[in-house]
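Only the coordinates and a few stated rules stand behind these numbers; no lab work does. All values reported here derive from a predicted model rather than from experimental measurement. Using ideal geometry, Cβ is built from the backbone for each residue, glycine included, and neighbour counts are taken over all protein chains shown.
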Amino acid sequence: MKIDTAGLHAVTVSALEIGQSEAGKPYITLNFVRKEDNATAVGFLSLTDKNDPNKLSEFTFKTLLDAFKFDGDFERINEQVIGKDCSIVTQFEDRNGKELLRVQYINPLSSARPLEDGSSLLKRLSAQAKALPQIYRPGSAPIRPQSPKQTPAPVSTQPAPVADPFA
């Protein structure tokens, strides 16, 4: 079964292959298995810099470093990446009139951890929210920055002088 939804997925790298395009540009193919249901996806990383075909893509290297702690030794990349957990973001894209799901991003797994005592944390957050000023409550007027008070110009109670037409 293939991953068929756009979004964030927790996955494990099940296979990796380095290859070359017909133009001789190296790339990496990564096979991913989603943890919750063993659905699969395939992602590709270009190893060539867009502007300089003789240079390694810094974007790809940073992706490998961030997601897998890759040290730059491509001779040992399999042992550094295969079996490692990461997260992928998938998005649909149009390819020749056909909508295909593509692995758009590869990231380290989220650093969020489950709540140890969720109920006390939620109670504390609720109490903190209640302590906020009323202006943050639903139905309250929006907050507008206050401008400094300006004193209006004095208004005269005398009628305006009439110009003398013969002067």
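Treat every Asp and Glu Cβ in region 7-107 as -1 and every Lys and Arg Cβ as +1, leave all other atoms uncharged, and give the resulting dipole magnitude about the Cα centre to the nearest 20 debye. Dipole size: approximately 120 debye. Counting only lysines at least 8 places from residue 130 when in the same chain, there are none with an alpha carbon closer than 29 Å to its own.
If you build the convex hull over the alpha carbons only and average its shadow over all orientations, what do you get for region 7-107? Give it in nm² to one decimal. If you can, show how the numbers build up before the last one.
Working: hull surface 28.0 nm².
Here the figure is 7.0 nm², rounded to one decimal.
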